[in-house]
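The values are calculated or read from the model by the stated rules, or taken from the named source; none is laboratory data. The structure presented is a predicted model; accordingly, all values stated were derived computationally and were not measured. Neighbour counts run over all protein chains shown; Cβ positions are idealised from the backbone, glycine included.
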Amino acid sequence: MEIDTMNSIEAITEFLAWCTAINFGILLLAAFILTVMRSWIVQVHARIFRLNEEDLLRAYFRYLANYQTAIIMLNFVPWVALKIIA
């Protein structure tokens, strides 16, 4: 049984492109929601986790930065590498 390598690379490349697009969409949605509904979200999380606003805002920023880094390293960079070798 022979596997068509080029077809597999193209499928994985397309998969990673969609993963990148979907994850960046989720990141933008999360950033938008945190911006628009900031006071309500901070109130809810402050009560749940007993943190002050400054700590929560730092945690939100860290969450968004880590998520963006993960998208770039796990979706975008492999996609670029496959585009280069394909």
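The numbered conditions (1) modelled with pLDDT under 95; (2) assigned to a helix (DSSP H, G or I); (3) loosely packed, with under 14 Cβ neighbours inside 10 Å are all true for I9 except (3). Return yes or no: is L56 surrounded by 15 or more Cβ atoms within 10 Å (Cβ to Cβ), without any contact (Cβ under 8 Å) to a residue 12 or more places away in the chain and either in contact with a strand residue (DSSP E or B) (Cβ under 9 Å, 6 or more places away or on another chain) or farther than 25 Å from W18 by Cα (or both)? In short, no.
The residues of the stretch 34-86 that are of a type in the set (A, V, I, L, M, F, W, C), over 30 Å from E10 (Cβ atoms) and outside any helix (DSSP H, G or I), listed by number, are M37, L51. Answer yes or no as to whether A30 is in a helix (DSSP H, G or I), surrounded by 10 or more Cβ atoms within 10 Å (Cβ to Cβ) and without any contact (Cβ under 8 Å) to a residue 12 or more places away in the chain. Here the answer is no, as A30 does not meet what is asked.
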